[in-house]
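J.: Dropping the structure in here first, questions after.
The values are calculated or read from the model by the stated rules, or taken from the named source; none is laboratory data. Just so it is clear, the structure is predicted and the values come from calculations on it, not from any experiment. Cβ: placed from backbone, ideal geometry, glycine included. Neighbour counts: every protein chain shown.
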Amino acid sequence: MKRQLHRGALLHLIADPGQCEEPGKASCYEYFPDGELLVEDGHIVATGARGTLINGRDTQTEVIEHPHSLLLPGFIDTHVHYPQLDVIASYGSQLLEWLERYVFPEEAKFGDPTYAEAVAKRFLTELLANGTTTALVYGTVHPESVDAFFTECEALNLRMIAGKVLMDRNAPDTLRDDPERAYAQSKELIERWHGRGRLAYAVTPRFACTSSPEQLEAAARLLAEYPDVYMQTHLSENHDEIRWVSELYPESLNYFDVYDSAGLARKRSVFAHCIHLQDAEWNRLAETQSSIAFCPSSNLFLGSGLFALNTARDHHIPVGLGSDVGAGTSLSCFHTMDAAYKTQQLQNVSLDPLENLYLATLGAAASLDLHDKIGNFSAGKEADFVVLDLNATPQIAERLKRTQTISETLFALITLGDDRVVGETWSFGKRCYVRR
Ligand code: GUN
Ligand code: ZN
């Protein structure tokens, strides 16, 4: 493929604004109002101001102009359930009832590979239309659901992480496996998919309520055998859930200890929600180098509670944003960032827009231990990026005329933006979505 020089406004994070006291956070980001991004073989070669990256006589490089646009690194969704795409907007219940009433009946359909393939295709089309280029994804209990998902990701050459859900109790018969089947099926999927192209596997015990101690032990055995696979699960989302976990695991010190003492907490372990944690749980999350997926639209929708982002930051725990579709209400990272802002406002914290973008890009990459590959425009990283259309709607165009700094522009986009703002999505140096 020819070298590409993308010309337009560029913004990316280079450090965590949440850990930086400096007013304006100038050392945490780079903004080129009239910039260039040089891409070769799917990787970023350099970024800079217009006119600085290639010499005028270079005919080997294809120049691609992006007028009235802002280029950002591709968004990263650290927690999403692809089989719940059509569960979004299911009315009237909190976590445990919502799972029984809406989620389990839908997930039961994914034993059919044709159904799984159709939803996986639709999900990835939607994800790219929203500018999300990487996600940490749940399948269902059926290995077919993961095969269908990875097959589509591979065809698009996307960087994705996913796994088969493990659940062997407190779920309908058709959605239950057992510890040995969970182990054997996961192992087979790891062998088939982990490290193939840009794909990686996540061992995925759904949560403590639906896994026996024997099944968590089987999950830990997989992590010991395959140290660089991911682990994803849910933690401390809802009060009834937490009470139930204490009944199911009476010997555990707290909810996190169920996973921790089973050997499931380490780098590349991602715990979603983490809303009602005790001090001991925050401390162990930090000590084990675990990460948190902060899922604000889901937490509001299910009435679960408000995530204490500042506490996570004080403990230096890596945090990334998650849509948590279908409890989350949108695959749009703009909607997720908007909800993140609002959940912090309710706790008297005004989340800085640059920090919010960090949680959706470089911070999310760090929470997935992928910050050497994706998350910003540093030289050598994979060329996954979005081209935002700053004239996407008349109202957005008008509002942006009134902003004076990139931080104000970003905040307006976070509040007003959605898939209409995503003009193009590029993955590994290839345009894989264009808004029509
Ligand atoms: N806890 C266990 N399973 C789920 C799920 O599918 N969604 C959410 N939000 N929480 C869960
Ligand atoms: Zn979830």
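J.: Which count do you get for residues in the stretch 50-65 that are part of a loop (DSSP other than H, G, I, E, B) and either over 10 Å from Arg7 (Cα atoms) or not charged (D, E, K, R) (or both)?
T.: Initially, the stretch 50-65 is screened for residues part of a loop (DSSP other than H, G, I, E, B), giving 50-60.
Restricting the remaining residues to those that are either over 10 Å from Arg7 (Cα atoms) or not charged (D, E, K, R) (or both) gives 51-60.
Total meeting the criteria: 10.
J.: From the list Gly139, Gly111, Gly163, pick out the single residue that is touching a residue at least 40 places away in the same chain (Cβ under 8 Å), surrounded by fewer than 23 Cβ atoms within 10 Å (Cβ to Cβ) and within 23 Å of Ala218 (Cα to Cα).
T.: Working: Gly139 fails: surrounded by fewer than 23 Cβ atoms within 10 Å (Cβ to Cβ); Gly163 fails: surrounded by fewer than 23 Cβ atoms within 10 Å (Cβ to Cβ).
Result of the check over Gly139, Gly111, Gly163: Gly111.
J.: Kindly indicate whether any position in the stretch 22-39 is closer than 21 Å to Asp384 by Cβ and assigned to a loop (DSSP other than H, G, I, E, B).
T.: Here is the first cut: in the stretch 22-39, the ones closer than 21 Å to Asp384 by Cβ are 28-32, 35-39.
Filter again for assigned to a loop (DSSP other than H, G, I, E, B), leaving none.
Taking every residue of the stretch 22-39 in turn, none turns out to be closer than 21 Å to Asp384 by Cβ and assigned to a loop (DSSP other than H, G, I, E, B).
J.: Restricting attention to the stretch 178-199, which residues are more than 20 Å from Phe149 (Cα to Cα) and part of a loop (DSSP other than H, G, I, E, B)?
T.: The answer is Asp178, and nothing else.
J.: While we're looking at this one, here's another question. Considering only residues that are surrounded by fewer than 17 Cβ atoms within 10 Å (Cβ to Cβ) and touching a Lys or Arg at 6+ places or on another chain (Cβ under 8 Å), which ones fall in the stretch 226-256?
T.: Asp228
J.: Restricting to the stretch 63-90, and then to whatever is acidic (Asp, Glu) and closer than 13 Å to Ser330 by Cα, can you tell me which residue is farthest from ligand 2 (Cβ to nearest atom)? Talk me through it step by step, then tell me what you get.
T.: In the first step, residues of the stretch 63-90 are kept if they are acidic (Asp, Glu); the result is 65, 77, 86.
Remaining after also requiring closer than 13 Å to Ser330 by Cα: 77, 86.
Values: Asp77: 11, Asp86: 15 Å.
Out of the qualifying residues, it is Asp86.
J.: Follow-up. State the number of residues belonging to the stretch 261-287 that are part of a loop (DSSP other than H, G, I, E, B), buried (at least 18 other Cβ atoms within 10 Å of the Cβ) and in contact with an Asp or Glu (Cβ under 7 Å, 6 or more places away or on another chain).
T.: Within the stretch 261-287, the first condition is being part of a loop (DSSP other than H, G, I, E, B), and the residues that meet it are 263-268, 274-278.
Narrowing further to those that are buried (at least 18 other Cβ atoms within 10 Å of the Cβ): 264-265, 268, 274-277.
If we keep only those that are in contact with an Asp or Glu (Cβ under 7 Å, 6 or more places away or on another chain) too, we end up with 268, 275.
Residues meeting the conditions: 2.
J.: Continuing with the same structure: From the list Ala327, Ala366, Ala360, pick out the single residue that is more than 21 Å from Thr405 (Cα to Cα), modelled with pLDDT of 95 or more, away from ligand 1 (no atom under 16 Å from the Cβ) and among the hydrophobic types (A, V, I, L, M, F, W, C).
T.: Working: Ala327 fails: away from ligand 1 (no atom under 16 Å from the Cβ); Ala360 fails: more than 21 Å from Thr405 (Cα to Cα).
Step by step, each of Ala327, Ala366, Ala360 is checked, and only Ala366 is more than 21 Å from Thr405 (Cα to Cα), modelled with pLDDT of 95 or more, away from ligand 1 (no atom under 16 Å from the Cβ) and among the hydrophobic types (A, V, I, L, M, F, W, C).
J.: Something else now. Please tell me if Thr210 is within 16 Å of ligand 2 (Cβ to nearest atom), at negative phi, in contact with a Phe, Trp or Tyr (Cβ under 9 Å, 6 or more places away or on another chain) and touching a residue at least 40 places away in the same chain (Cβ under 8 Å). Spell out the reasoning first.
T.: Details: within 16 Å of ligand 2 (Cβ to nearest atom): yes; at negative phi: yes; in contact with a Phe, Trp or Tyr (Cβ under 9 Å, 6 or more places away or on another chain): no; touching a residue at least 40 places away in the same chain (Cβ under 8 Å): yes.
So Thr210 fails the test.
J.: Tell me the strands (runs of 3 or more DSSP E) entirely within the stretch 360-436 that contain at least 2 residues that are surrounded by fewer than 19 Cβ atoms within 10 Å (Cβ to Cβ). Please lay out each step first, then the result.
T.: Working: elements: 385-389, 422-427, 430-434.
Per the criteria, 430-434.
J.: Are there any pairs with C-beta distances below 7 angstrom linking a residue in the stretch 317-336 that is in contact (Cβ under 8 Å) with a residue 40 or more places away in the chain and among the aromatic types (Phe, Trp, Tyr) to a residue that is more than 13 Å from ligand 2 (Cβ to nearest atom) and in a loop (DSSP other than H, G, I, E, B), with the two at least 6 apart or on different chains, and if so which?
T.: From residues that are in contact (Cβ under 8 Å) with a residue 40 or more places away in the chain and among the aromatic types (Phe, Trp, Tyr), the pairs are Phe334/Gly417; Phe334/Asp418.
J.: Please work out which one of (1) assigned to a helix (DSSP H, G or I); (2) in contact (Cβ under 8 Å) with a residue 40 or more places away in the chain; (3) surrounded by 21 or more Cβ atoms within 10 Å (Cβ to Cβ) is the condition Leu351 fails and give its number.
T.: Condition (1) is where Leu351 drops out.
J.: Cβ-Cβ distance below 8 Å, separation of 6 or more or different chains: which pairs start in the stretch 5-19 with a residue that is closer than 13 Å to Leu410 by Cβ and part of a helix (DSSP H, G or I) and end on one that is at pLDDT below 95 and not aromatic (Phe, Trp, Tyr)?
T.: Close Cβ pairs satisfying both conditions: Pro17/Lys25.
J.: Hey, another quick one. Quick check on the stretch 91-98. Is at least one of its residues on the phi < 0 side of the Ramachandran plot, without any contact (Cβ under 8 Å) to a residue 60 or more places away in the chain and buried (at least 16 other Cβ atoms within 10 Å of the Cβ)?
T.: no
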